[in-house]
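Here the structure comes first, spelled out in structure tokens, and everything after it is commentary.
No lab work stands behind these numbers, since they all come straight from the coordinates. Since the model is a prediction, treat every value here as computed from it, not as a measurement. Don't worry about glycine lacking a Cβ; one is built from the backbone with ideal geometry, like all the others, and counts go over all protein chains shown.
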Amino acid sequence: MKLWCATLTPFADGRPDLDKVAAHVRYLRACGVDAFGPTGTTGEFLYLRPHEKAEVHRATIEAAEGAPVMPCVFDPDPGIACDLARRAEDRGAFGVFLPPPVYQPVHPDDTCRWYERVVQSVRIPVYAYHHPRTHNPIDYPLLERLIDLGVQGMKDSSGDVRRVRFLAQCFPGRIIAGGDHLLGQHKLLGPIAGHMSRLANLRPVLCRALVDRGTRAADEAVERDRVLSAIEAAGKLPAMKAALGMGCRPPITWRDEDLAGRLRPDAVPGTPG
């Protein structure tokens, strides 16, 4: 099963640090990450300008050296989302993923038109993105409609085992699971296409072991939960970035420096830890 990393976006002097983007992708590849999803929720898509997203996509694709890259191409302007998708395709992306409209509730018909425009603009796969805490939700009937329109699948970040299993059984090989607490439980999730992890930024070796060993990875599951609790206590995403030497862009700046300093990234296998 593929281990995807929902990659962080490092900043320097208020701009995306493309050298660090590339170095981070190479580090993750060396630690066993299979594929990459830049500029999603973890990649701070709401705080990136369109040209910055395109630059991060390019840097990620180049550093991945043929590994699948599926950038998030969200923009409030669907024309810009289509342009980002075309640019990603031209640079060799495996596919793109796209949240539905955010903040304001929209009718399912409008969500279908939102996705259909991007699907028609590229030849590579377009994946939907269900993240109910921040986006309009995508339920089974709506996902069925989207797939009929040409959407290839969906990243589901509900964190709900029963929901993910139901969707995976209905759409085998089309659902990429999110939610780091589900890492290692893929046998319970049914025929998913992979797992996209935020934790893999910091602990890719641990996440690789959870994916490979599944429910047999009891010790790794304990460590997973310990690290997730530590990240939560230290300030979530900014704390992870601090542990990895990555800068933030306001307004995402707060973190507990002492607690963040206790988070330990994985060492590349075969090198000193």
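General remarks:
- Efficiency of FRET between Asp225 and Ile124 - r from beta-carbon atoms, R0 35 angstrom, step 0.05: 0.45
- The amide H of Gly159, built 1.01 Å from its N in the peptide plane, has Gly178 as neighbours under 5 Å, considering only residues 5 or more places off or on other chains.
- Whole-Hz ³J(HN,Hα) from phi, Karplus 6.51 cos²θ - 1.76 cosθ + 1.60, for the range 186-196, glycine and proline x: 5, 5, 7, 8, x, x, 6, 8, x, 10, 9
- Sequence-distant contacts, meaning Cα pairs under 8 Å at least 6 residues apart, place the relative contact order of the range 2-260 at 18 percent.
- Among the trypsin sites (Lys or Arg not before Pro) found in the range 124-225, those both in a DSSP coil and sparsely packed, with 16 or fewer other Cβ atoms within 10 Å of their Cβ, are Arg133.
- Segment Ala218-Leu188, extension gain: residue separation times 0.36 nm, minus the distance between their alpha carbons: 9.3 nm
- Sites Thr253 and Glu144, calculated FRET efficiency, Cβ-Cβ separation with R0 35 Å, nearest 0.05: 0.25
- A Förster radius of 41 Å, combined with the Cβ-Cβ distance separating Asp19 from Arg117, puts the computed FRET efficiency at roughly 0.75.
- Within the range 22-98, GluC sites (Glu not before Pro) in DSSP loop having at most 15 other beta-carbon neighbours inside 10 Å: Glu65
- Taking label points 7 Å from Cα along the Cα-to-Cβ direction, Arg262 and Arg91 give a separation of 3.8 nm.
- Relative contact order, percent, the range 44-181 [alpha-carbon distance under 8 Å, six or more residues apart]: 18 percent
- Virtual spin-label span in nm between Asp160 and Thr134, 7 Å along Cα→Cβ: 1.9 nm
- Within the range 1-22: backbone nitrogen closer than 16 Å to the Tyr47 label point (7 Å, Cα to C-beta): 7-18, 21
- Helix-derived mean residue ellipticity, 222 nm - over the chain, DSSP H n ≥ 4, -39500 (n - 2.57), to 500: -12500 deg cm²/dmol
- Here is what passes the span test in the chain: the DSSP H helices with alpha carbon length of 15 Å or more along the helix axis and a Kyte-Doolittle mean of 0.0 or above are 18-30.
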